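Notes follow once the structure below has been shown.
The values are calculated or read from the model by the stated rules, or taken from the named source; none is laboratory data. Predicted, not measured: the structure shown is a model, and the values here were computed from it. Cβ placement follows ideal geometry from the backbone for every residue including glycine, while neighbour counts extend to all protein chains displayed. These area figures cover heavy atoms from the full protein model, side chains too; ligands, DNA and RNA do not enter into them. Shrake-Rupley method; radii C 1.70, N 1.55, O 1.52, S 1.80 Å.
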Amino acid sequence: RRPEQAPAAAATYPGLTAGPRRGLARELSSDAGEGFSVKDATFAVDHIKVNWNEQAARSARSYLELTHFSRAGLIRQLESDSGEWFTHKQAVYGVTKAGL
């Protein structure tokens, strides 16, 4: 993959799945994902227009469709390194917007 392709690849991800900035950069730089260098993936994520609060809300709603969470539990899930990797502020916004 050429570095200049990274922003276009990044721009396709937010519309397909809810996910945080760090998760998107990780996906773009993963051998199982797009295979860009970490530098190029980070550049791409920094240069696309994404409302990360709204992404957190979409992710929160998706979790609530699948299972039951307490407000605190869903915030922890959205913030977790093994979950979604949203910032605390984004997670709180998302959970609130999802109705918890």
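Below are the figures for this structure:
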| read-out | value |
| --- | --- |
| Output for the range 50-78, where each listed residue is open to solvent by 40 Å² or more (accessible area, probe 1.4 Å), under 16 Å from Gly23 (Cβ atoms) and among the polar types (S, T, N, Q) | Asn51, Asn53, Ser62, Gln77 |
| Enumeration of residues in the range 86-99 that are buried (at least 16 other Cβ atoms within 10 Å of the Cβ), part of a loop (DSSP other than H, G, I, E, B) and more than 12 Å from the chain's Cα centre (by Cα) | Ala98 |
| Residue count, the range 55-85 (criterion: of a type in the set (Asp, Glu), touching a residue at least 12 places away in the same chain (Cβ under 8 Å) and not in a helix (DSSP H, G or I)) | 1 |
